[in-house]
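One structure below.
Where a number appears in this text, it was derived from the coordinates with a stated rule and is not lab data. Owing to the predicted nature of the structure, the values given are computational and were not obtained by experimental measurement. Cβ coordinates were reconstructed from backbone atoms using ideal geometry, including for glycine residues, and neighbour counts include every protein chain displayed.
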Amino acid sequence: MTILLMDLLDDLRQDHRNMSIMLDLLSDQVDHIRDGERPDYELIHDIMRYMTVYSDAVHHPKEDLLYAAMKAKHPELDEDLERVEPEHREIAGRGEILRADVEAVASGAAVTRERLVEDTSDYVKTLRKHMAWEEEDLFRRAKDLIEDEAEMFIDISNFDRLDPVFGPEREHSFENLLRNIKDLSNST
């Protein structure tokens, strides 16, 4: 499947809004841990499963395609683009660490509160910083490319999967996560 560059950029921005919701939910859980309360480990696990099966496996590869197209069409736009893929790998690695922490807790292994707070906080901070950089800098450059190449298409066939939580068909296995997102939106 090919997609207009403009539509891809819109999709990526929507993904960032959705990922921000996930990070808000994770931050709430970190607050519970810091306050000595028991967090919702099932929710943290669901968030991290979403982040690994969608954000890391679909969203970030689409961004990599966008940046490769930018570099190919307008090499002058490629300053700092070499850091995109390594940052995506770092985020995925931090996500796997956090997911492993939660799975360890679920299986009865000892994971300290400090470690869980640190790993969750590092993940949230790293991803928020990365998304802010993309929104403020790289997506702005992509928009400049769109103005020059209005009819530019990008092949996303390998990553043409629907979002299992925010997409039109929501996966039943994310029911707890969906309930928490609904509660979050009702409280704001």
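By the equivalent-ellipsoid construction on the alpha carbon gyration tensor, the range 78-188 comes out with semi-axes of 32, 21, 15 Å, ordered largest to smallest.
Counted by neighbouring Cβ atoms within 10 Å, the residues THR126, THR120 run from fewest to most as THR126, THR120. Under the simplified labelling scheme, the THR2-ARG179 pair shows an inter-label distance of 4.6 nm, with each label point 7 Å from Cα along Cα→Cβ.
For the chain, what is the per residue volume of the convex hull drawn over the alpha-carbon atoms, in cubic angstrom?
For the chain, the hull spanned by Cα atoms encloses 124 Å³ per residue.
You can think of it this way: the chain between ARG140 and ARG161 has 5.1 nm of extra reach, that is 0.36 nm per residue less the Cα-Cα gap. Between the beta carbons of ALA110 and ASP80, assuming R0 = 41 Å, the FRET efficiency works out to 0.50 to the nearest 0.05. Taking 8 Å as the Cα distance limit and 6 or more residues as the minimum spacing, I'd like the relative contact order of the range 1-124 as a percentage. Worked out over the range 1-124, it gives 32 percent.
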